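The values are calculated or read from the model by the stated rules, or taken from the named source; none is laboratory data. Everything numeric here is computed off the predicted structure, so don't read it as measured data. Here the Cβ positions follow ideal geometry from the backbone for every residue, glycine too, while neighbour counts run over all protein chains shown.
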Amino acid sequence: MEAMMPLPDLPARLSPCRGRLCSFDHAYKIALNLRGDTGVPHYVVRGILPLQAYRVTTRPPAWPDRWLAMVA
């Protein structure tokens, strides 16, 4: 069985493309596109997992400190 990488070292071992796709700017662009397509406000929130730094959702976040942007 393969040993798990320590979490602080994990981002350094991942693809640079993953870093771009997981960025706040990319999440915000996705939220803008989804807002335009659906007409529903979207939120960019801070994720809990290190590999999911930002998420886009239609529900306001339960914790205000994770709310980073609202695209209305």
Legend entry - Selected residue (criterion: modelled with the lowest pLDDT) from residues of the range 47-72 that are surrounded by fewer than 11 Cβ atoms within 10 Å (Cβ to Cβ) and more than 21 Å from ASN33 (Cα to Cα): LEU49
Legend entry - Count of residues meeting criterion [in a strand (DSSP E or B) and either under 10 Å from ALA27 (Cβ atoms) or aliphatic (A, V, I, L, M) (or both)] in the range 58-72: 4
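Inside the range 29-57, can you point out the residues that are outside any strand (DSSP E or B) and under 26 Å from ARG13 (Cβ atoms)? Working first, answer last.
If we filter the range 29-57 for residues that are outside any strand (DSSP E or B), which is where we start, we get 29-41, 47-53.
Matches in the range 29-57: LYS29, ILE30, GLY47, ILE48, LEU49, PRO50, LEU51, GLN52, ALA53.
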